[in-house]
Amino acid sequence: MVETTGSTSIDINTSPEAVYELLTGLSRISEISPECYKSEWEDGSTEPVVGAKFRGYNQNGDMKWDAGCVVVSAEPGREWAFEVPAQDGRRTLWRYEIEATDSGCRVTESFDSPILDLEFFQKHNRHGLLVQNIAQSLENLKAVAEA
């Protein structure tokens, strides 16, 4: 069986609202993501609201690709989630849940992804890489948020 979901959490010593602003400030994605080096609003969208569209530009080694995304949850200080639609109608969901704590907040990043190409997914250990990237993204988010 090939896993297609994953999640990781981290505690950050800053407010949930500040973390949400970092996550939804598309111009700062390169400081956080080990794979997405740029993202920008599309189709007249200018802010993180449900239904807004943006495009993410990714690179992993020699492979480069971009993907259109649609915001499905935008609750300041609580949750930021978006879907990456595939051509065949399946969608990958990325979610950041933000929970207030006594010292700041806990952020949980997760993904739920259909297997679009089983051979590629297994050959490149894509699940393992996505889980590893989540952990690195959260560490980077923590560093930026606490700086």
*asked:* With unit charges on the beta carbons (Lys and Arg positive, Asp and Glu negative) and the dipole taken about the Cα centre of the chain, which residue among SER30, PRO48, SER9 sits farthest to the positive side?
replied: SER30
*When the scattering of the chain is computed by the Debye formula from its Cα atoms alone, each counted once and equally, what is log10 I(q)/I(0) at q = 0.08, 0.12, 0.13, 0.17 Å⁻¹?*
-0.21, -0.48, -0.56, -0.98
_Amide H of THR92 versus every other amide H placed in the peptide plane: which residues, excluding those fewer than 5 positions away on the same chain, fall under 5 Å?_
VAL84, ALA86
_Dipole magnitude of the chain, debye to nearest 20 (Cβ charges: Lys/Arg +1, Asp/Glu -1, about Cα centre)_ = 300
_Test of understanding: in a Gaussian network model of the chain with alpha carbons linked when under 10 Å, which of THR108, THR92, THR46 would top the mean-square fluctuation ranking?_
THR46
_Under-22-angstrom lysine pairs by C-alpha in the chain, whenever the two are 8 or more apart or on separate chains_ = 5
*Roughly what would the spin-label model give for GLN59 and GLU21, points 7 Å off Cα along C-beta, in nm?*
2.9
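Every number in this text was worked out from the coordinates using simple rules, so none of it is lab data. Computed from a prediction, not measured in an experiment: that's the story for all the values here. When we count neighbours, we look across all protein chains shown, and the Cβ atoms used for this are built from the backbone with ideal geometry, even at glycine.
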